[in-house]
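Enquirer: Sharing a structure, written as C-alpha cells. Questions coming.
Readers should treat all values here as calculations from the given coordinates under stated rules, not as data from a laboratory. The structure displayed is predicted, hence computed values, not measured ones. Neighbour counts run over all protein chains shown; Cβ positions are idealised from the backbone, glycine included.
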Amino acid sequence: MKLLALDTAANLCSAAIFDAKRGMMIAQISEDIGKGHAERLMAIIEQAVADADIAINEIGKVVTSIGPGSFTGVRVGVATARGLALALKCPAIGISTLEALAYDARRILAERPVLIAIDARRDELYAQFFAKDGTATSEPMIATLPAIIDQIGDDKSDLVLSGSASPLINAALDHPLDVASTMATGTIYAFAQLGMLSQDESLPRPLYLRGLDVKPQQGFVLKRQVAE
C-alpha cells in the first residue's frame, strides 16, 4: 500500500509518499512558504506522486496534520485529505502536530519523557506531555508559560523538550532541559509513520485548542432605517 502524508499546520507545506510494503519513503517535498498553503498544496502533492513514479489511484491511505497550528493551514490540509480520500475511496487519518513532534523526539532522544510545547502567540503555548514509551500522559492543552512550568514540577532531570516554545521554557528554568527540536510541527516522516500505524477510522478533524477570534467591525455597521 502507498500512503500519502500531508502537513500544512505551520510554516511548511509538505507532502510525502510512503511505501508500506518496502517500509520506506519513496518521495517527499517540503517547502517553507509561511502562508498560502491552499495555493501550493495540490501542486506539491502532484510533484510527490510524480517523483514516486506511481499513479494517484495507487494511494491506499491519506494522512494529514490536524493541528494545533495555523487555523487556515490546518483547514486546508484536513479538507484536502478528506476530499482525496473520498475520491480515492480510501481512509483518511488525522495526526496532531504534538504527536508527530513526540514521535520525532523519541527517535532523537529515546526512552525519555517528553514535553511538546508550541508557541501559540499571545503569551500562550500549545502543549502535551508524553511518557518515555510514547503514550500521552496529558490531553492536548493551551496554557500560559507559568502554568506549564508549574506542571513540569521539580523532578524534571530526565524530561526532554520539543517544539517551537522549547527556548521559552528553558529560559524560564534554572537549569535548561535537553531539546529535541525547535520546530512548530513534526517531520513529514513522523506523520507518515504514525498514520500508517493508526487504526482510527474516523475522518480527520481540526484540533483547535483556542477559538477563532471574530470581532464585528462596528465602524462599518450601518444604522437600520426605520420607516416613520
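Enquirer: Determine the relative contact order of the stretch 98-181: mean sequence separation of Cα pairs under 8 Å and six or more apart, normalised by residue count, in whole percent.
Expert: Reported relative contact order: 31 percent.
Enquirer: Given contacts defined as C-alpha pairs under 8 Å and at least six residues apart, what's the relative contact order of the chain, whole-number percent? Intermediate results must be reported in sequence, preceding the final value.
Expert: Values: 475 pairs, mean separation 48.6, N = 228.
For the chain, the relative contact order is 21 percent.
Enquirer: I've got another one for you. Kindly give Rg over Rh for the stretch 98-181, based on alpha-carbon atoms, with the Kirkwood expression for the hydrodynamic radius.
Expert: 0.91
Enquirer: Just going by the charge dipole of the chain, with Lys and Arg at +1 and Asp and Glu at -1 on Cβ, which of A16, T144, I56 is farthest out on the positive end?
Expert: Of the candidates, I56 comes out farthest on the positive side.
Enquirer: Give a quick list of trypsin sites (Lys or Arg not before Pro) in the stretch 101-210 that DSSP marks as loop, anything other than H, G, I, E or B, with at most 12 other Cβ atoms within 10 Å. Numbers along the way, then the final one.
Expert: Details: sites: R106, R107, R121, R122, K132, K156, R210; in loops: R121, R122, K132, K156, R210.
Loop-located and lightly packed - R121, R122.
Enquirer: With springs only between Cα atoms under 10 Å apart, run a GNM on the chain and tell me which of Q28, Q193, Q151 wobbles the most.
Expert: The residue with the greatest mean-square fluctuation here is Q151.
Enquirer: Write down the Å³ per residue value for the convex hull defined by the alpha carbon atoms of the chain. Don't skip to the answer; put the middle values down first.
Expert: Numbers: hull volume 38.6 nm³, N = 228.
Normalising the Cα hull of the chain by residue number yields 169 Å³.
Enquirer: Using the Cα centre as the reference, give the magnitude of the dipole from point charges on the C-beta atoms of the stretch 7-46 (Lys, Arg: +1; Asp, Glu: -1; all else neutral), rounded to the nearest 20 debye.
Expert: Rounded to the nearest 20 debye, it is 140 debye.
Enquirer: Which of L41, A172, L6 sits closest to the plus end of the dipole of the chain, meaning its Cα is farthest towards the positive end, when Lys and Arg get +1 and Asp and Glu get -1 on the C-beta?
Expert: Going by the Cα projections, it comes out as L41.
Enquirer: For a quick check: sort L168, L3 by the number of other beta carbons within 10 angstrom, fewest at the front.
Expert: L168, L3
Enquirer: Another question about this same structure. Using alpha carbon centroids, what distance separates the stretch 129-183 and the stretch 88-117, in Å?
Expert: That distance is 15 Å.
Enquirer: Still on this structure, I have one more. Arrange F71, F129, F191 by Cβ neighbour counts within 10 Å, fewest through most, would you? All intermediate terms of the calculation are to be shown ahead of the outcome.
Expert: Values: F71 16, F129 20, F191 32.
Exposure proxy ranking, most exposed first: F71, F129, F191.
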